[in-house]
1. Evaluate the range 128-205: find the radius of gyration of its Cα atoms, find its Kirkwood radius, and give the ratio Rg to Rh.
2. Quick check: residue separation of residue 138 and residue 20 times 0.36 nm, minus the Cα distance between them. What number comes out in nm?
3. Working out 0.36 nm times the residue gap between residue 99 and residue 39, then minus their Cα-Cα distance, what length gain in nm do you get to one decimal?
4. Return the FRET efficiency for the residue pair residue 70, residue 282: r is the Cβ-Cβ distance, R0 is 35 Å, and the value is rounded to the nearest 0.05.
5. With a cut-off of 8 Å between alpha carbons and a minimum separation of six or more residues, what is the relative contact order of the range 206-251 in percent?
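Bear in mind these aren't lab numbers, they're just calculated from the coordinates by the rules spelled out. From a predicted model like this one, the values you see are computed outputs, not experimental measurements. Here the Cβ positions follow ideal geometry from the backbone for every residue, glycine too, while neighbour counts run over all protein chains shown.
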C-alpha cells in the first residue's frame, strides 16, 4: 500500500483521469488491448541456473544455487526449495535498501506458493541420504527495473532459472559407504532438476467496481488500480494458486472468466519459456564439445642421392672394407640408423631391399654398421647393381638370410 501511495503521488491528476477514462473504453495508455501482454524477452547467462527476463520495461534477474543440508524431520527424504527477493532502490525510488519490505515478502510468497504447493519440482529427487543429506535449492530474484507487474516477470525468471540449473552429481563412498562425495562438473556431468510442470503466474488489475479487468498492468496502471488478482496455472489449465490483493471485490463470474483467460496465457508463456530453454541447451551442448585440431602426418622428404659411378665405386669399396676389418665400428648406442635402398634407375625392374616398414637394424645376423648414419648419410641409388658383383657378394653375406 505504501508503494501504491508513493506511485500515485508521483502522477498528476490528469494522468490518473486519462487512464481511468481510457479503460472504460477498453483502451490502454500503451495501445494494448485489455488482455494483451507486453513484449517478453528471456535470456540466459553463461552459467547454468541464471536467467534474465524483460517484460516491457520490467527487468528481473533470477539465479539458482544449491547446497547440501540436513532435511526436515517430518520430510526426511525430500529436498527444500526457497525463494528470496531483492528490491533495489535503483529499480524504483520507492524501494528501500536493507531488509525486504512488504512488497518483496508478498512477491516471494506468491511465487513460492505457486511452485511448492503444486509440487512442480520433484523434491524426492533431491534426496542423497534419507534423514541425513538432501539438496536445498535457493532461487534469488533481483528486481533491476520496476515497470509494473513484478510478479509475472519474477515468476518467469524463476521458472527459466530452474529449468537451466544443474546440480553436481554426488555418490556415496568412504569406509562405511555413507560418506557423500560431490563430483566436480569436469569429472561428471551435472544433473538437471526434475520439473513436472511450469506454474505460470498471470496477474489481473481491477478497476472501477470490479467490472474492469486488464492483464499485465504497467507501472502507471498499478498506481491507480483498485485491486489485483494473480492466478497461477500450468499449460494443462490446472489452477496451482490464486491470490487476491487490494480493496475491490470481484464477482465469481469475473473470477471464472479470468481463470479461462489465464489458462490461455499460461500455455503461451510456457511455450516461450521452453523454446528459450531449448535454445540455451543447444548452445550449452555446443560449448561442451571439445574440438581437437586434425592430426597432420608429417611428410619427411629425403632427396635421392644420385652419385657418379666413380663415387659409388669408391664409397662401396670403403664400406666393404669396413665390414671386413672393423665389423663393430659405428655401432653406437644412440640408435640412429637408416634404411638402404638399392635399385636401378627410375625405370623398370626396381629392386627394393629393406625399407622403413620391414627393415630391422637390430635383427639377428645383420650388422647395423652397414647402415650407420655416420658413414652413409642418405639413400644410395645404384644405377646398375649388376655392374658391382663384388659389392653384392659381400653385402649378401650379411643380408642373405633376410634377402632370401
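1. Over the Cα atoms of the range 128-205, Rg/Rh equals 1.13.
2. Taking 0.36 nm per residue and subtracting the Cα distance, the gain is 38.5 nm.
3. 18.5 nm
4. The value I calculate is 0.40.
5. This gives 40 percent for the range 206-251.
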